[in-house]
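A.B. asks: Sending over a structure as structure tokens; questions will come in a sec.
The numbers here are math on the coordinates, done by the rules we state, and not lab data. All values derive from a computational prediction rather than experimental measurement. Heads up, the Cβs are rebuilt from the backbone with ideal geometry, glycines too, and the neighbour counts pull from every protein chain shown.
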Amino acid sequence: MRGLLTRICLFIIMPIALTALYQSRSAIARRWPTCIPQASVLGWRPRDLAIQRVGSRTAAAMSTFHHPDFDVPVTLPDGLSKEQVLNFYPFASWISTLENSLDLQKQTSSHPFHSDPYSLRSVTVQAFDLFGQRVGFLKLTSDVSNGAGEKLSGAVFLRGPSVAMLVILVPDDAPAGSDERYVLLTVQPRVAAGSLGFVEIPAGMVDEAGSFAGTAAKEIYEELGLEIAASELTNLSELAALPSEDGAGAGAGAAETKTQDGNLPRAVYPSPGACDEYIPIFLHQRRVPREQLSEWTGRLTGLRDEGEKITLKLVKMQSLWRECARDAKSLSALALWEGLHREGKV
């Protein structure tokens, strides 16, 4: 009899109990989401769960400080210090520029927001990337609202500025006024765009000596022996901001733009709806022997050797708009050059 009861427990009662336990665990899991993606499916937001994702970690602890120059509370996730944020140039530049623009609402009666100006009421850093101990990127939300409770979209990805270079090569025997020009492009992976062969004008930075630097600059030097010094650069973005000889850019419209834009850098903003990045565009133009230019044109086709990450491509300037139709800085550079060329400034 005892053996019979044991077999009944093993083969009948135990499976029923295990099934009930599994179903109860599934019900609990459905009721209490355990991760942010599940919560988002239910329409919940990360702040509803008091959890923020930081890189590959989840940080529950938050700290808040008041900005030393502006009466704005800044909330940080665990692992990020006040000093790191304040020393992060893109954050300092962003909040200073924004506060300047907000001040203009109150100072100028013609400003469209003068009657009920917006204010920056708080900043919450949601995620960050560190390069060593230095902040590389920040993702934050900001509460920018007016007295009526109307809000402006305040999600921001902070990464800071870069520069772009329009490199124009002209055959040394081309007559004055000739439109025979060639433009140097780079072909390289751009993971953020989902591309392993993105075509664009060279991008990088201007170093402390004022020279073009970065991966693209290194490739140009290695492939062509061209080292682009500060004295050989023309800032197209700065030139475009100057009034023309016929007075365009210096009238009431320019004054109104200044009133609303404040102290924005003279540069291209490729994604101002969500990112602070701005790109001053420089021009480097030089004459080269036609034989050398022909050799470069035949060799620099944009095709990469196996494993090669970046390469160069030389195209006629008339084809630049088509070759770089996906690249905002290339199209901006072309538009700036064409406008300034018409005015005789380049």
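A.B. asks: Could you run the Debye sum over the Cα atoms of the stretch 151-241, one equal point scatterer each and no solvent, and tell me log10 of I(q)/I(0) at q = 0.17, 0.21 Å⁻¹, two decimals?
C.D. replies: Log10 I(q)/I(0), no solvent term: -0.93, -1.22.
A.B. asks: So how long is each side of the stretch 57-145 along the principal axes, counting just the alpha-carbon atoms, biggest first, in Å?
C.D. replies: 47, 23, 19
A.B. asks: Report the trypsin sites (Lys or Arg not before Pro) located in the stretch 269-299 that are in a DSSP loop and have at most 12 other Cβ atoms inside 10 Å of their Cβ, or state none.
C.D. replies: none
A.B. asks: Once you put a point 7 Å from the Cα of THR234 and another 7 Å from the Cα of ALA328, both along the Cβ direction, what distance in nm separates them?
C.D. replies: 2.6
A.B. asks: Moving to a separate point now. Could you give the length gained on full extension between GLN133 and LYS218, defined as 0.36 nm per residue of separation minus the Cα-Cα distance, in nm?
C.D. replies: 28.0 nm
A.B. asks: For ASP103 and MET205, what does the FRET efficiency come to when R0 = 41 Å and r is the distance between their Cβ atoms, rounded to the nearest 0.05?
C.D. replies: About 0.85, to the nearest 0.05.
A.B. asks: Still on this structure: Can you give me the distance in nm between label points at GLU83 and HIS66, each placed 7 Å from the Cα along the Cα-to-Cβ direction?
C.D. replies: 2.2
A.B. asks: Still on this structure: Report Rg (one decimal) and Dmax (nearest whole number) for the stretch 187-238, counting Cα atoms only, units Å.
C.D. replies: 12.6, 36
A.B. asks: Quick check: residue separation of ASP172 and ALA192 times 0.36 nm, minus the Cα distance between them. What number comes out in nm? Walk me through the numbers before you get to the answer.
C.D. replies: On the way: separation 20, 0.36 × 20 = 7.20 nm, distance 3.89 nm.
Full-extension gain reported as 3.3 nm.
A.B. asks: If you stretched the chain out fully between SER110 and ASP179, how much longer would it get, using 0.36 nm times the residue separation minus the C-alpha to C-alpha distance?
C.D. replies: Here the segment from SER110 to ASP179 would lengthen by 20.3 nm.
A.B. asks: Another question, if that's okay. Tell me the label-point distance for the pair GLU150, GLN292, using the 7 Å Cα-to-Cβ offset, in nm and rounded to one decimal.
C.D. replies: The modelled label-to-label distance comes out at 5.9 nm.
A.B. asks: Using amide H atoms built in the peptide plane, which far-off residues or other-chain residues are under 5 Å from ILE168 H to H?
C.D. replies: HIS284, GLN285, ARG286
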